[in-house]
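Take a look at the structure set out below.
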Amino acid sequence: MSVLIVVDTKNGEVKKSSLEAAQYGAKVAASIGGEAVALSLNASNAEVLGTVGVNKVLNVTDSSVSASDPQKVVAAIVAAANQVGAKVVVFAHDSTGKAVAPRLSAKSGAGLVTNVTSLPDTASGFVVSKNVFSGKAHAHVNILSDEKIVSILPNAFGLAAGEGSASVEDFAVDVSGISSGITVKAVKGGNSDVVPLPEAELVVSAGRGLKGPENWGMVEEMAGILGATTACSRPVADIGWRPHHEHVGQTGVAIRPNLYIAIGISGAIQHLAGVNGSKVIVVINKDPEAPFFKAADYGVVGDAFEVVPRLNEALRKFKAANG
Amino acid sequence: MKILVPISKVPDTTSKIAFTDGDSKFNEEGIQWIVNPYDEWYALVRALELVEAGGGTVTVINVGDATSDPVIRKALALGAHEAVRVDVNPADSYVIAKEISAYAADKGFDMVLLGKETISYNGSEVGGMLAEFMNLPYISLASKLEVNGDTATLDRTTEGGVEVVEVKLPLVASANKGMAEQRIPNMRGIMAARSKPLTVVAASGGAEAKTSYVKYGLPAPKSAVKLVDPENMDELVNLLHTEAKSI
Ligand SMILES: Cc1cc2nc3c(=O)[nH]c(=O)nc-3n(C[C@H](O)[C@H](O)[C@H](O)COP(=O)(O)OP(=O)(O)OC[C@H]3O[C@@H](n4cnc5c(N)ncnc54)[C@H](O)[C@@H]3O)c2cc1C
Ligand SMILES: Nc1ncnc2c1ncn2[C@@H]1O[C@H](COP(=O)(O)O)[C@@H](O)[C@H]1O
């Protein structure tokens, strides 16, 4: 009885969210006394999966098997799961997991839980925690089918890489009979050095308090000093001050970084819903009554146009001293 | 073009989330129900734009009991032509997808356009399952959708970027922010919605839940905020480094 982890790549390298999923899968395998096998999609560095406890990697080396065409990935997973006798399949709940895991569930009849935040409790069934109501609550969900699929919330577990190593073998799968007819015409963005929001550990975010898009220089400067990813509140994206993909919250991207710095954002309930999983929240707002202070760990009551340049200076000094 | 838009009923975004019956059930008391924002603002509006431009019909479908009817009427008020409700407890995504596919099987829809996720259960599950049950291609998290003849071009959101894909109809796609602009229903739409058909169909009988929600909980309350002097940002940096250990 083994656990199969579906591992996707970006520019040939294992995605961070997949590495987290692999670490999770290895723990599940250890708890049920099975082997942790990863199915990686065209990975150039598949051996890294050994450092999080994976025993064996089956690496698909056919670039047509990618998340762009979920049916082909599902075919590869079914073949691999049959070969290794997998009872549990683990995904990261990223764009790949969202495209592929539900399809696999419908095809195989295995129950699926997404957004998972805990290891399974197998005392009575197979019960995992997941976030619901955009992080305002959590639920314990039992998977009733014999075979189970879980897709885990990025950044919910943290990575602790060790010394282990995994054997890597090529995995051939025949997808010639599958014609979903999807063709990729172009890929835009996504190749910069900036960590995408759902995976980012440090996020600097700003809202309508900044008055206009021309004032974002100091926000980007802070992100640059910290190596953080920038985000914004919904109205800021809606009026076009910032791109839509930066919008965080209940109807935007849900994030859970180690550090979330919110500048000139009031902290409306819909905003909080997407960011309250952050480990540490810093709020900079000139209004001491701003609701965001109730959800913050550290607060600065002050004018962003004075506080942010000062904070940037302090951060720069800190970085110079601490490397 | 015939487009099917699955819509779900979710608590208003300002709802206070609480549970009853030993934390085993969502407390619906005093809850205002709305159409899930992704379904209404993006999937439904884009579907309406497509048929406004090229002709056709938009059918909305909901899996649930009669308490869904007001939000279904809202979708009709926005301009959907007809509505269907499958009278089944939407126990989990598997059941919902199975019931929608059972209904859609012989109707010849060119496209199924749904939301990227519900803001209640945050599953992102129904679309992919439905595509598999219907044996159709699935484009998830689409922030743009254009149709030209029998071919659709979509922007699929990935981490930090988009992938432009082309695919022949019919297809299933889930709508992300950016696909359309929210519309507000007007009086005429609200009046017209009253006479539009809302057909209630019985369960297909073939769907069984694969998961069961056993218990709910709320996050631990946050401790009080620590205020830092706005003149002293070195202090904040120091706290973030030594106390919070986040930089
Ligand atoms: C169905 C629904 C879904 C929604 N989903 C989301 C979502 O996903 N994400 C989201 O963000 N919002 C969402 N909203 C909108 C949300 O309700 C708020 O309107 C929004 O978050 C407010 O954005 P803001 O904080 O940037 O602006 P405002 O509420 O205008 O707040 C600006 C803040 O800046 C402060 N400020 C002003 N000047 C300065 C200064 N010089 N220095 C420091 N501080 C200053 C003010 O004190 C104020 O607190 C949703 C709303 C609805 C109805
Ligand atoms: N009960 C339901 N009836 C009809 N459509 C639904 C229902 N629940 C979810 N959906 C659709 O499926 C999408 C994804 O839902 P979910 O997988 O639950 O996150 C939603 O945005 C809706 O478009």
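The values are calculated or read from the model by the stated rules, or taken from the named source; none is laboratory data. Because the structure is predicted, anything quoted here is derived from the model rather than measured. Heads up, the Cβs are rebuilt from the backbone with ideal geometry, glycines too, and the neighbour counts pull from every protein chain shown. The area values use the complete protein model at the heavy-atom level, side chains included, leaving out ligands, DNA and RNA. Shrake-Rupley method; radii C 1.70, N 1.55, O 1.52, S 1.80 Å.
When Cβ neighbours within 10 Å are restricted to other protein chains, what is their mean count per residue of peptide B:212-222?
Going residue by residue through B:212-222 and averaging, the value is 5.
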**Complete:** Counting other chain Cβ atoms within 10 Å of each Cβ in A:91-98 and taking the mean gives 4
**Complete:** Distance in nm between B:Ser204 and B:Asp87 label points, each 7 Å along Cα→Cβ, equals 1.9
**Prompt:** Looking at the stretch B:2-218, how many pairs of lysines come closer than 16 Å at the Cα, when each pair is eight or more places apart or spans two chains?
**Reply:** 13
**Asked** Which one of A:Ser179, A:Ser167, B:Gly64 has its Cα pushed farthest toward the positive end of the charge dipole of the protein assembly as shown, where Lys and Arg give +1 and Asp and Glu give -1 at the Cβ?
**Response** B:Gly64
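Once you sort the root eigenvalues of the Cα gyration tensor of the stretch B:2-218 as a ≥ b ≥ c, which label holds: rounded (a/c under 1.5), prolate (a/b larger than b/c) or oblate (the other case)?
Working: a/c = 1.45, a/b = 1.30, b/c = 1.12.
It comes out rounded by the Cα gyration axes.
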**Item:** Shape call, the protein assembly as shown: gyration tensor on alpha carbons, a/c limit 1.5
**Value:** oblate
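Only helical DSSP H runs with n ≥ 4 go in: add -39500 (n - 2.57) per run for chain B, normalise by residue count and round the 222 nm mean residue ellipticity to 500 deg cm²/dmol.
Working: 6 runs with 56 residues, N = 247.
Only helices count here, giving -6500 deg cm²/dmol.
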**Asked** Hey, in the GNM for chain B with a 10 angstrom Cα cutoff, which one of B:Gly54, B:Gly178, B:Gly22 fluctuates hardest?
**Response** B:Gly22
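Accessible area, 1.4 Å probe, largest first: how do A:Leu153, B:Leu218 sort? Write out the running numbers ahead of the final one.
On the way: A:Leu153 25, B:Leu218 90 Å².
Of A:Leu153, B:Leu218, the descending order of accessible area is B:Leu218, A:Leu153.
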**Cα shape, chain A, gyration tensor, a/c 1.5 rule** = prolate
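State the extension gain, in nm to one decimal, for the chain segment bounded by A:Glu47 and A:Asp146, taking 0.36 nm per residue of separation less the distance between their alpha-carbons. It would help to have the intermediate numbers written out before the result.
Details: separation 99, 0.36 × 99 = 35.64 nm, distance 3.02 nm.
Gain in length upon complete extension: 32.6 nm.
If you take the beta carbon distance between A:Asp238 and A:Lys185 as r and set R0 to 25 Å, what does 1/(1 + (r/R0)^6) give as a FRET efficiency, to the nearest 0.05? Show your work: numbers first, answer last.
Working: r = 28 Å, r/R0 = 1.11.
Given R0 = 25 Å and the Cβ-Cβ separation, E is 0.35.
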**Prompt:** What distance in nm separates the simple spin-label points at A:Lys211 and A:Asp174, each placed 7 Å from Cα in the Cβ direction?
**Reply:** 6.8
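Note down the relative contact order for the stretch B:2-218 as a percent, whole number, built from C-alpha pairs under 8 angstrom at least six residues apart.
28
Filter the GluC sites (Glu not before Pro) in the stretch B:152-240 down to the DSSP loop ones having no more than 14 other Cβ atoms within 10 Å, then list what survives. Intermediate values should be presented prior to the final figure.
Numbers: sites: B:Glu159, B:Glu163, B:Glu166, B:Glu181, B:Glu208, B:Glu231, B:Glu235; in loops: B:Glu159, B:Glu181, B:Glu208, B:Glu231.
For GluC sites (Glu not before Pro) across the stretch B:152-240 that sit outside H, G, I, E and B with at most 14 neighbouring Cβ atoms in 10 Å, the list reads B:Glu181, B:Glu208, B:Glu231.
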**Message:** With bins 10 Å wide starting at 0, give me the P(r) of the stretch A:169-323 over every alpha carbon pair, in whole percents.
**Reply:** 10, 37, 30, 10, 8, 5, 0
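Taking only DSSP H segments of four or more residues, each worth -39500 (n - 2.57), what value at 222 nm results for chain A once the sum is divided by all its residues, to the nearest 500 deg cm²/dmol? Show your work: numbers first, answer last.
Details: 7 runs with 87 residues, N = 323.
Computed mean residue ellipticity for chain A: -8500 deg cm²/dmol.
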**Asked** Given Cα pairs under 8 Å that are at least 6 residues apart, what percent is the relative contact order of chain A?
**Response** 14
**Prompt:** Which residue fluctuates the most in chain A, going by a Gaussian network model with Cα springs under 10 Å, if the choices are A:Arg208, A:Arg234, A:Arg310?
**Reply:** A:Arg310
**Item:** Label-point gap, in nm, between B:Arg188 and A:Ser64 - each point 7 angstrom along Cα→Cβ
**Value:** 5.1
**Request:** Under a cut-off of 22 Å between alpha-carbon atoms, report the lysines in cross-link reach of A:Lys286, not counting same-chain residues fewer than 8 places apart.
**Result:** A:Lys211, A:Lys294, B:Lys222, B:Lys226
**Among B:Met111, B:Met191, B:Met179, residue whose mean-square fluctuation peaks in a GNM of chain B (springs only between Cα atoms under 10 Å)** = B:Met191
